[in-house]
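Enquirer: Sharing a structure with you now.
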Amino acid sequence: MFGDLIGMMGKIQEAQKKVEETKQRLNHVLIDEKSSDNLLEVTLTANRTIKAIKIDEALLEDKEQLEDYLILVLNKAIERASQINDTEVAAAAKDGMPNIPGMDMFK
C-alpha cells in the first residue's frame, strides 16, 4: 500500500514538473493578432504577456478609435493565448498524473 502511495506521489511531482516546464515553454510561444484592416497588431505569449503593439499612424489621430481597436484586438489575442495555454497545461498535467480510479479530472 505504501509503495503505491509513494509511487503515486512521485507521479504527481512528475506531473507538476511537466506543467512547470510547459508554462516556461509557453513564454516563447507567440500569438500575433491583427485588426481586420491591419491598422493594429499585437503580439503576446501563450502565457498572456504582451510583447509588442504596432499601431498604424492613422489610428493615432483618433483616441477613441485607437482605444476600441486595442480592446478588440487584445481581447482576441488573449482569448487565443488562453485556449493554447489551457490546452497545453491540461495535456501536461494529464500526461503525468497517476491513474487513480474515479479521478478522471482531465478528460
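Just so it is clear, none of the values below were taken in a lab; they were calculated from the coordinates. Note that the structure is a prediction, hence the values are computed from the model and not measured. Here the Cβ positions follow ideal geometry from the backbone for every residue, glycine too, while neighbour counts run over all protein chains shown.
Enquirer: For THR22, what is the net charge nearby, where nearby means another residue's Cβ is under 14 Å from its Cβ and Lys, Arg count +1, Asp, Glu -1?
Expert: -1
Enquirer: While we're here: Taking every eigenvalue of the Cα gyration tensor of the range 20-88, multiplying by 5 and rooting it, what semi-axes result, largest first, whole Å?
Expert: The three semi-axes for the range 20-88 are 26, 10, 8 Å.
Enquirer: Can you give the FRET efficiency for HIS28 and LYS63, using 1/(1 + (r/R0)^6), R0 = 41 Å, r = Cβ-Cβ distance, to the nearest 0.05?
Expert: 0.75
Enquirer: Further, regarding this structure: Could you work out the local net charge near THR43, counting Lys and Arg as +1, Asp and Glu as -1, over the other residues with Cβ closer than 9 Å to its Cβ?
Expert: -1
Enquirer: Cα centroids of the range 34-50 and the range 56-95: how far apart, whole angstrom?
Expert: Cα centroid to Cα centroid, the span is 6 Å.
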